[in-house]
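The values are calculated or read from the model by the stated rules, or taken from the named source; none is laboratory data. What you see is a predicted model, and the numbers here were worked out from it, not measured in a lab. Neighbour counts run over all protein chains shown; Cβ positions are idealised from the backbone, glycine included.
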Amino acid sequence: MESQDTKGKIVKESLPSEIISIVGDILAGIVLSLLIVPFESFLILILIVPALLSLRGNISGPYIARTSKDLIIGEFNRKSLIENILATYVLSIVTAFIIGVFSIVLNIFLIKIPIVSNIMLIEIPIITILITLSISIPCSTGLNYLAFKYGLNPNNVVNPIMTAIDDFFTVISFYLSLIMLGVP
Amino acid sequence: MEYFKKIFKESIIIVIISSFMGLISGTVLSSNERILYSFPIILLILPSLNSLIGDISTVLSSRLTSHLYIGIIPPKIQKSDRLKEDFYGLLITILLSLIALIVLGYSMGIATGIEIVNPVLIIIILLFTILLLFVSMFIFLFISAIFIFKQGKDPNNFLIPFVTSLADFLTPLFLIIFIQIFI
């Protein structure tokens, strides 16, 4: 029981998932350092990256938790899955749009680098998060289902694995969106 | 579409707030371009560092909430054996994770040709950043959990998204402050 955990048990149970998460995030860091830094507009792009990683964490994480909960309490069905996916996509698009608007404002008043158009600053977060979710949602739904099918608690197993996968693919999708849009 | 509306209504505000804090964090990074170009390894390890602080704070928040609901710790600001056990358990976890992060990060940096300037000093800076953030998050989460619990609310619902966003904002900020102090 959690309330009787010794410090040794806390370390034993938390450390492996942390290591998995660190590996995925280091891969994300490599993509950032090697692929994003060379862009001429790097100083504007680095403005958006932490917001995208936060957005991923606060949208994909709860999606996984909701799917796990639906599986555990026996309410996982086609309707709940479709509404869950739809809500995740709508939330992402609305928030990505707001990230774009805020980055335009920050660029005008603080960063002051006019090499990326305002339209691009709106398109980059939206395209990035759409690509990321298109990989993340099927992966996490499948992992949740498999974990549940094999008698594991999806809450304990899926989250750390998906944190690593999601952070890595967020940065990859970010890079792909920059290439697609022809960002300088 | 009730499930859809419920998810949207409950999530939209906190998702926007956390994205806004992410943008502030991005502004901190963007305004310190000299540091980012001088210490490229910082960019490589930053996502893991953010994630580490956020994950440990989430674990702590959910543990504190469980303890308060079960009654293992009283809703008062006072020391207890349970609290000490959680503190040391998570401190050991975060320090061991930091070691893993440094080993993996530096190995990947060397393998991919990313320059590691002042490696020892960077380790000291990372250690200071992690320790300062861990101790401040622990105190903040303990006091806030008790305060929210006393109001009859579930501390998890507010503290987890808030503290994750706070970690995303404070980690690069502290890292850059320490780099400016030490280098």
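Based on this model, can you work out whether A:V11 counts as among the aliphatic types (A, V, I, L, M), more than 30 Å from B:F39 (Cα to Cα), buried (at least 16 other Cβ atoms within 10 Å of the Cβ) and facing another protein chain (nearest Cβ under 7 Å)? For A:V11, the condition - among the aliphatic types (A, V, I, L, M), more than 30 Å from B:F39 (Cα to Cα), buried (at least 16 other Cβ atoms within 10 Å of the Cβ) and facing another protein chain (nearest Cβ under 7 Å) - is met.
The set of residues in segment B:143-169 that are touching a Leu at 6+ places or on another chain (Cβ under 8 Å) and over 24 Å from A:A65 (Cβ atoms) contains only B:I146. Looking across segment B:19-38, the residues that are of a type outside the set (S, T, Y) and within 17 Å of the chain's Cα centre (by Cα) come down to B:F20, B:M21, B:G22, B:L23, B:I24, B:G26, B:V28, B:L29.
Among the residues of segment B:1-25, the one identified as of a type in the set (F, W, Y) and touching a Lys or Arg at 6+ places or on another chain (Cβ under 9 Å) is B:Y3.
For segment A:90-139, the candidate set comprises residues that are of a type in the set (S, T, Y) and exposed (fewer than 15 other Cβ atoms within 10 Å of the Cβ); within that set, the residue that is nearest to A:S41 (Cα to Cα) is A:S117. Filtering segment A:24-36 to residues that are facing chain B (nearest Cβ under 7 Å) and surrounded by 17 or more Cβ atoms within 10 Å (Cβ to Cβ) leaves A:D25, A:I26, A:A28, A:G29, A:I30, A:L32, A:S33.
Got at least one residue in segment A:56-78 being more than 10 Å from chain B (Cβ to nearest Cβ), aliphatic (A, V, I, L, M) and assigned to a loop (DSSP other than H, G, I, E, B)? Within segment A:56-78, one or more residues are more than 10 Å from chain B (Cβ to nearest Cβ), aliphatic (A, V, I, L, M) and assigned to a loop (DSSP other than H, G, I, E, B). Of the residues that make up segment B:44-65, is at least one farther than 21 Å from B:F178 by Cβ, surrounded by 15 or more Cβ atoms within 10 Å (Cβ to Cβ) and among the basic types (K, R)? So far as segment B:44-65 goes, yes, one or more of its residues are farther than 21 Å from B:F178 by Cβ, surrounded by 15 or more Cβ atoms within 10 Å (Cβ to Cβ) and among the basic types (K, R).
Of all residue pairs spaced 6 or more apart or on separate chains, those with beta-carbon atoms under 6 Å, a first member in segment A:51-71 that is without any contact (Cβ under 8 Å) to a residue 24 or more places away in the chain and farther than 20 Å from A:I126 by Cβ and a second member that is in a helix (DSSP H, G or I) and polar (S, T, N, Q) are A:R66/A:N84; A:D70/A:S80. Counting only helices (runs of 4 or more DSSP H) that sit wholly inside segment B:1-72, those with at least 1 residues that are in contact (Cβ under 8 Å) with a residue 40 or more places away in the chain and under 24 Å from B:L95 (Cβ atoms) are B:2-30, B:40-70.
List every residue pair whose Cβ atoms lie under 7 Å apart, where the two residues are 6 or more positions apart in sequence or sit on different chains, the first residue falls within segment A:155-166 and is in a helix (DSSP H, G or I), and the second residue, located anywhere, is acidic (D, E) and at pLDDT 70 or above. Note: pairs meeting the criteria are A:A164/A:D25. Looking across segment A:140-174, the residues that are in contact with a Phe, Trp or Tyr (Cβ under 9 Å, 6 or more places away or on another chain) and surrounded by fewer than 21 Cβ atoms within 10 Å (Cβ to Cβ) come down to A:T141, A:Y145, A:F148. Condition check for A:L53 on (1) at pLDDT 85 or above; (2) within 7 Å of chain B (Cβ to nearest Cβ): one failure, at (1).
Find the residue count for segment B:108-133, including only residues that are part of a helix (DSSP H, G or I) and surrounded by fewer than 19 Cβ atoms within 10 Å (Cβ to Cβ). Number of matching residues: 12.
Would it be correct to say that A:L110 is away from chain B (no Cβ under 14 Å), free of Cβ contacts under 8 Å to residues at least 24 places away in the same chain and among the hydrophobic types (A, V, I, L, M, F, W, C)? Considered against the rule, which asks whether it is away from chain B (no Cβ under 14 Å), free of Cβ contacts under 8 Å to residues at least 24 places away in the same chain and among the hydrophobic types (A, V, I, L, M, F, W, C), A:L110 comes out as no.
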